Amino acid sequence: MASTSDIRNGLCIKYNHDIYKIIEFLHVKPGKGPAFVRTKLKSVTTGKVIDNTFSAGHKIEDVRVETHKFQYLYAEGETYHFMNTEDYNQITLEKSTLDAPGLLKEGEVVTVIINSEDQMPLSVEMPASVILEVASTEPGVKGNTATNATKPAIVETGAEVMVPLFINEGDKIKIETEKGTYKERIKE
């Protein structure tokens, strides 16, 4: 058993007969009344995100997990295939367990969180950022902008990302996976 002081991003807990992964939390200590922890929990079975508030010192049941590096192989409909980089065993995961499936490129290495008790994969953690090539985007028109103008671009995986006007087709860009936002252009 853990308490609210052990809460951190990525912690998996049992709550309401399901397993949730903490994706965001904030310790709040108001001037009047007891302290509490405001959390955003993502169900590892359904992918649904809920908000919950735990009072300070509340006992939470954490789930023992292991992390393993897996390489993304290919997608087949709603199913994604991965290979363990150590023992080459392959697993298949549903699209709902992935945080940003649109930014996943074949050959990308991700961290898969596995429940130690039953060896079931719980969720997939993407790298902090990925480098993808812009497959198509409209040319940027000078003069019709004020500041920080962006345009939509489709990257090689099929995801749509808002990019600055100077980005062209064929450019490689770094994308922050957590928010799915443009970070910078990569020069070769």
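The values are calculated or read from the model by the stated rules, or taken from the named source; none is laboratory data. Predicted model only: the values in this text are computed from it and were never measured. Virtual Cβ from ideal backbone geometry, glycine too; neighbours counted across all protein chains shown. All accessible areas refer to the heavy atoms of the entire protein, side chains included, with ligands and DNA or RNA removed. Shrake-Rupley method; radii C 1.70, N 1.55, O 1.52, S 1.80 Å.
A few points about this structure:
- Among the conditions (1) open to solvent by 60 Å² or more (accessible area, probe 1.4 Å); (2) farther than 18 Å from residue 75 by Cα, residue 170 misses just one, which is (1).
- Residue check for residue 89: farther than 25 Å from residue 20 by Cβ, free of Cβ contacts under 8 Å to residues at least 24 places away in the same chain and out of contact with any Lys or Arg (no Cβ under 8 Å at 6 or more places or on another chain): yes
- Residue within the range 68-79 that is part of a loop (DSSP other than H, G, I, E, B), open to solvent by 60 Å² or more (accessible area, probe 1.4 Å) and not acidic (Asp, Glu) present: yes
- Residue that is surrounded by the most Cβ atoms within 10 Å (Cβ to Cβ) [pool: residues in the range 32-67 that are of a type in the set (A, V, I, L, M) and more than 15 Å from residue 2 (Cα to Cα)]: 41
- Flag for residue 105 being of a type in the set (D, E, K, R), out of contact with any Gly (no Cβ under 7 Å at 6 or more places or on another chain), more than 20 Å from residue 2 (Cβ to Cβ) and part of a strand (DSSP E or B): no
- Contact annotation: residue pairs with Cβ atoms under 7 Å, 6 or more positions apart or on different chains, pairing a residue in the range 43-67 that is farther than 17 Å from residue 18 by Cα with a partner that is outside any strand (DSSP E or B) and modelled with pLDDT of 85 or more, are 55/34; 56/34; 56/35.
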